[in-house]
Protein chains: 2
Amino acid sequence: MILTVTLNTALDLTYRVPALVPHGSHRVTEVDERPGGKGLNVARVLGALGHEAVVTGLAGGPNGETLRDRLAGLPVRDALVPVAGNTRRTLAVVDAATGDTTQFNEPGPTVTPEEWAAFLTTYESLLREAEAVALCGSLPPGIHVGAYAELVRRARAAGVPALLDTSGEPLRRGIAARPDLVKPNADELAQLTGSREPLRATHAARRRGARTVVSSLGPEGILAATPEGIWQATPPGKVLGNPTGAGDSAVAGLLSGLVDALPWPDRLVRAAALATATVLAPTAGDFDRASYEDLLPRITVTEHAPAA
Amino acid sequence: MILTVTLNTALDLTYRVPALVPHGSHRVTEVDERPGGKGLNVARVLGALGHEAVVTGLAGGPNGETLRDRLAGLPVRDALVPVAGNTRRTLAVVDAATGDTTQFNEPGPTVTPEEWAAFLTTYESLLREAEAVALCGSLPPGIHVGAYAELVRRARAAGVPALLDTSGEPLRRGIAARPDLVKPNADELAQLTGSREPLRATHAARRRGARTVVSSLGPEGILAATPEGIWQATPPGKVLGNPTGAGDSAVAGLLSGLVDALPWPDRLVRAAALATATVLAPTAGDFDRASYEDLLPRITVTEHAPAA
């Protein structure tokens, strides 16, 4: 099975309003509520692809209960560890007139040392069954900034390939623990390496400890610097849609390709096709299966010369 | 006891953000969550004043559970009727830089005919113990627009004075069932009567069926047209603060004065002092007790000549 870790799970709310007016009063015309957090999104896509996906991390309070109720209807196994605090909400307010989204993210509950210790026990036990693990998203208050580094080390000790998808200091610390794969977006990569030039920044990130760095280039696809070579996968032409969740779908594609032991170019094709099919899906975070099948043969992969 | 009815209860969320940026992404720095809906707010103030307050209405789903958990800590009795749907949320986003609030109101769950029938049974039984009843706020989807008219008629049949605080068509229908008291604000009154001149509009609202009309004039206090005379209660000078909940506190003051059998001028003093002390309170919807005690002797009541 493939394990995904979401320490700061979320109940993702979407409000549709006729038009966003700052300091105004809005009648919400549509409310959507779904289990969220990057690792949950990754697992949902893995489940849809037919993989056995297990989600762990932390959830608690009334929002955590709602999240787990909703999770029960999805093709993923719930191995979340309970916490006393209330799982955070995220809110996306969609302006129906313009399609623009305004985002609000709650900080999440403060996690106690005992809850973190209970999580580590669960994590260790799940690693024994895992073919790969994805460590995803922000850290809730109370969890030390080196938490991902610790989870990467434990995965390496268990012989399980670890993918790290986070940002800021947790990424900086985590990458030093030598994960198999990190997947920053352009902003995270620039923040980590100080460079906005994708190839240079990707190499710089590898030198910090990651075996492979896959960076998302938005509509230009994804770039992978691996021990076997450097490849870029590019979708055919521009697509219009909602990019929410495209990065999580790319992570699912990379993990799926890893456990299926595909060569790197094929893994990147799968990741790029899933990310693009997510942008095209009518519901944020889902992928459109017909678009995915249609895109697979139409992703272009080019090989770059190795770094000097 | 005093009964308050809230058919569309709400879990009231407040998000504090450093600054509201339309189409931006916001880290919420503070989250507040409290049981809400006008009738709940009225009952909370009544409880704080030492009255026995009972809240009924409809609540359900995870939000309804959270609401009832929070209600358990307040000096009010919970007689809410369960529904299958999820109680709505309201969200106030407070911009810390300017203090301005942007409001989002979910529509509420769709109520079935069976749930409405179950509510009516509870309502009838609670009316037998009630000294007064307040019917407050919007109607959730599924409840017919004449619902308040029906509740007013049943209260009259039970000999219980009924106060109606709603707007739009439910107010128009409800007032025709001859409640003892309606308490529209200036906008609601204008919408009902077509007049923005407070005294004229208040009289016009009385002619529609209400025995007494108390209209809030914002910082200029409140105006009451009663069978015994017409009075205006005015607070001493302008106050700065958050007007959220001031109307609900005024309703609590009117009910409190009614069951204490105070003459009209004293009821208005109580209502105006509570409303003003609510504007002054640091937390939206609470009233500041010291300000309330201080304001009581400083509210001015003037009598108007009867209508021609």
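Using just the alpha carbons, could you tell me how many Å³ per residue the convex hull of the range A:217-308 encloses?
88 Å³
A:ARG211 to A:MET1: extension gain in nm, 0.36 nm per residue of separation minus the Cα-Cα distance?
Result: 73.4 nm gained on full extension.
Kindly identify the range B:1-143 as rounded, prolate or oblate by the Cα gyration tensor criterion: order the square roots of the eigenvalues as a ≥ b ≥ c, call it rounded if a/c is under 1.5, otherwise compare a/b with b/c, prolate if a/b is larger, else oblate.
Note, shape of the range B:1-143 comes out prolate.
By accessible area of protein heavy atoms, probe 1.4 Å, what ranking do B:HIS51, B:HIS26, A:HIS144 get, highest first?
Accessible-area ranking of B:HIS51, B:HIS26, A:HIS144, largest first: A:HIS144, B:HIS51, B:HIS26.
In straight Cα distance, which lysines are under 24 Å from B:LYS183, not counting same-chain residues fewer than 8 positions off?
Cα-Cα hits under 24 Å: B:LYS38, B:LYS238.
For the pair B:ASP32/B:THR283, report the inter-label distance in nm, with labels modelled 7 Å from Cα in the Cβ direction.
Taking the simple label geometry, B:ASP32 and B:THR283 are separated by 0.7 nm.
If you take the alpha carbon radius of gyration of the range A:1-71 and divide it by 2.2 N^0.38 Å, what ratio comes out, to two decimals?
So the Cα radius of gyration is 1.37 times the expected 2.2 N^0.38 Å.
Out of all DSSP beta bridges in the range B:1-143, what portion is antiparallel? Express it as a percent rounded to 5.
30 percent
Going 7 Å from Cα along the Cα-Cβ axis for the label, what nanometre distances separate B:LEU296 from the same residue across the other copies?
7.8
In chain B, which whole DSSP H runs stretch at least 18 Å along their own axis (Cα) and average 1.0 or higher on the Kyte-Doolittle scale?
Sorted by number, the helices that extend far enough and score high enough are B:246-259.
In nm to one decimal, list the spacings between the B:LEU240 label point and its equivalents in the other copies, with label points set 7 Å along Cα to Cβ, shortest first.
Sorted ascending, the copy-to-copy spacings read 4.8 nm.
Percent antiparallel among DSSP beta bridges with both residues in chain B, to the nearest 5?
Roughly 45 percent of the beta bridges in chain B run antiparallel, per DSSP.
Kirkwood hydrodynamic radius of chain A from all distinct Cα pairs, in Å?
19.6 Å
Hey, with R₀ at 56 Å, roughly what FRET efficiency would A:GLU169 and B:ALA118 work out to, going by the Cβ-Cβ distance, to 0.05?
Efficiency for this residue pair is about 0.55.
May I ask you to report, in nm to one decimal and beginning with the shortest, the distances from A:ALA158 to the same position in the other copies, taking label points 7 Å along Cα-to-Cβ?
Those label-point separations list as 5.9 nm.
Only bridges with both residues in the protein assembly as shown count here: give the DSSP antiparallel percent, nearest 5.
Of those bridges, close to 40 percent are antiparallel.
P(r) for the protein assembly as shown: what percent of alpha-carbon pairs falls in each 20 Å bin, starting at zero?
Spelled out per bin, shortest first, that is 19, 42, 25, 13, 1.
The values are calculated or read from the model by the stated rules, or taken from the named source; none is laboratory data. Keep in mind the model is a prediction, meaning the values are calculated, not measured. Methodologically, a virtual Cβ is constructed for each residue, glycine included, from the backbone with ideal geometry; neighbour enumeration extends over all protein chains shown. Accessible surface areas use protein heavy atoms only, side chains included; no ligands, DNA or RNA. Shrake-Rupley method; radii C 1.70, N 1.55, O 1.52, S 1.80 Å.
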